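What follows is a short report on a single structure.
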Amino acid sequence: MVTVGIILFVLLLALLILFFLRQFWTRRHLPPGPLALPFIGTLLANGIGLQEDVLLKHVKRYGNIYSMWLGPYLVVVLSGFKAVKEEMTKFSEEFSDRPDDPFLTALGKGKGIILSNGHTWKQQRHIGLTSLRKLGLGKKSIEHRIEDVAQSLVDVFRETNGEPFDPSFPVLNAVSNVICALSFGRQFAPDDENFQKLIQSLGIIVQFTGGFFHMVYDLFTPLMNYLPGPHKKALAATAFTLSFAKQEIQKHKESGSPHEPQDFIDYYLLEMEKNKNDPDSTYNEENLAQCIYDFFGAGTDTSFVSMKWALLLLASHPDIQEKVKKEIEDVFGFSRSISYQDRKNLPYTNAVIHEMQRFKYALLFGVPRQSKKDVKMRGYHIPKGTFIAPDMRSVLLDPEQWEKPKEFNPNHFLDKEGKFVEREEFLAFGTGLRACLGEQLARIEIFILLTSLLRAFSFQLPEGVKGFNEKPVVKITLPPQPYKICAIPHKS
């Protein structure tokens, strides 16, 4: 028995030596990175569970381009403004695919906008962009819908009578209703049971994606499909969200006027009709439902997190809040609503909103890309099929680009005369062919919601609270720790 044990030990040791020799040989042309272990890759080097610095922690040792292994998947991380901007511009087409990640594939099934590739992606992105443009992106029509949501949010805040409250529920309802207004042409009451189930489903998906069990699912996909666990809840939540979208599509088909489109579903159904005889068309109800799912997935939690941080930062920096409020009052008073175009007359307010999104970026990391072909990048060989992870958070915290990257400093977006400055380093919405489809919508939404709230209230920390915990809750998005604030109504 002892002899057999020794033989098995020697064989195991030999196999490990062969594995590491093979790894060193196959990685000799790859970017440097932490040592990968059999089967699990570099997961242990990244730490157990999600961490705020999960991508930044390796930069000091390996540089701004490094490689990791998530199980069998090679991931090349681009960190810092120069690496992200240069390589994602140079290889924009080559790095435009979404990865063959088993869980993401189960979520998207190759449909919609975010998780599709090739011809499907091009057609779905096209209808998404053209529909948003026709619905009035950047014009007054879309702003009226967001203004209605903003007014509802103001009314809910006013009901708190200046007492400490958690803004999470009303803010989440508001940002979700922006997507509902655009997709379905209507808002939902906060107490609508299906609407709340939709919001809960989206939260379940966000909680699961990018976490430990997401990685376990990817490593053991055939087995996990037969086992209970949080992956089942996430997939069920996806099914409910798609079902919700399909019910709205059916209502539009029964009672809508697609030739007088009022929302995204109307525009999509019209496009389906135009292309019904095209055998290569991907415009169908399955892709339509997935596009709506993508709008909610990409546009709800990110805006929610941005708004939660914005309110907390305003309450924690009363001097900055007062300067914003004074600028708004000096320029517009309280006589009329503020449109997104008015941001040009509110340079300090615009700078503060940008700095909030830079300083407390909503995402831990975005959906990665995948290399469509072999690529030579800065002397490294990037094989076809490699996952590419441009770390936007590292760009927004890059010490080579920002004067005080770890401080909340609106002067990052102001020149010496106090005029607003666009910064190419502000890549909060991504870059390249897969840049955020809803960037303009998100900008309008955050601007109108915040200016509407600041015209109605002053935000303060509750009495006796000296500060707040700046460490976020770490998941695929980075919301603040739970908190309460006071919305003090203006006497005017």
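The values are calculated or read from the model by the stated rules, or taken from the named source; none is laboratory data. Computed from a predicted structure; not experimentally measured. Reconstructed Cβ throughout: ideal geometry from the backbone, glycine too, with neighbour counts over all protein chains shown. Calculation scope for accessible area: heavy atoms of the full protein, side chains included, ligands and nucleic acids excluded. Shrake-Rupley method; radii C 1.70, N 1.55, O 1.52, S 1.80 Å.
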Fill in: Ranking by accessible area, most exposed first, for H119, H317, H214 with a 1.4 Å probe
H119, H317, H214
Fill in: With Cα atoms, 0 to 90° folded angle of helix 2-26 axis to the chain main axis
60
Worksheet item: Nearest 10 degrees, 0 to 90: what angle lies between the long axis of helix 81-90 and the longest principal axis of the chain (Cα atoms)?
Response: 80
Worksheet entry | About the Cα centre, charge dipole magnitude for the stretch 249-331 (Lys/Arg +1, Asp/Glu -1 at Cβ), debye | 280
Item to complete: Could you grab the relative contact order for the chain? Cα pairs under 8 Å, six or more apart, rounded to a whole percent.
Response: 23
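Give the Kirkwood hydrodynamic radius (Å, one decimal) of the stretch 415-492, defined as one over the mean of 1/r across all pairs of different Cα atoms.
Details: mean 1/r = 0.0613 Å⁻¹.
Computed over the stretch 415-492, the radius equals 16.3 Å.
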Fill in: Net lengthening on full extension, D319/K373 (0.36 nm per residue, minus Cα-Cα)
14.3 nm
Discussion item. Keeping all protein chains in place and using 1.4 angstrom, which order do K404, K85, K134 fall into by accessible surface area, from largest down?
Written reply: K134, K404, K85
Discussion item. Over the stretch 404-488, with the other protein chains present, what is the accessible area per residue in square angstrom, probe 1.4 angstrom?
Written reply: 46
Discussion item. Once ligands and nucleic acids are excluded and a 1.4 Å probe is used, how much of V421 is accessible, expressed in Å² to the nearest 10?
Written reply: 50
Response to the item:
Plugging the Cβ-Cβ distance of E470 and L56 into 1/(1 + (r/R0)^6) at R0 = 22 Å yields, to the nearest 0.05, a FRET efficiency of 0.85
Worksheet item: If the cut-off is 28 Å between C-alpha atoms, which lysines fall inside it for K233, apart from same-chain ones fewer than 8 positions away?
Response: K109, K111, K197, K246, K251, K308, K471, K475
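Of all the accessible heavy-atom surface of the stretch 302-381, with the other protein chains kept in place and a 1.4 Å probe, what percent is carbon and sulfur?
On the way: 1630 of 3150 Å².
Taking all protein chains in place, the stretch 302-381 shows 52 percent carbon and sulfur surface.
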Item to complete: Provide the per residue accessible area, probe 1.4 Å, for the stretch 237-376, rounded to a whole number of square angstrom.
Response: 42
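Per Stokes-Einstein, at 10 °C and 1.306 mPa s, what whole-number D in µm² s⁻¹ belongs to the stretch 223-285, with the Kirkwood radius over Cα pairs as the hydrodynamic radius? The partial results should precede the final answer.
Details: Rh = 13.9 Å.
Estimated via Stokes-Einstein, D reaches 114 µm²/s.
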Fill in: Reachable lysines from K90, criterion Cα separation under 18 angstrom, eight or more residues apart if same chain
K82, K372, K373, K376, K384
Discussion item. When a/c reaches 1.5 or more, the comparison of a/b and b/c decides; with that in mind, is the stretch 313-400 rounded, prolate or oblate per its Cα gyration tensor?
Written reply: prolate
Discussion item. Suppose all protein chains stay in the model; what accessible area per residue would a 1.4 Å probe give for the stretch 116-173, in Å²?
Written reply: 47
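Run the accessible area of the stretch 135-284 with a 1.4 Å probe and give the carbon-and-sulfur part as a rounded percent.
55
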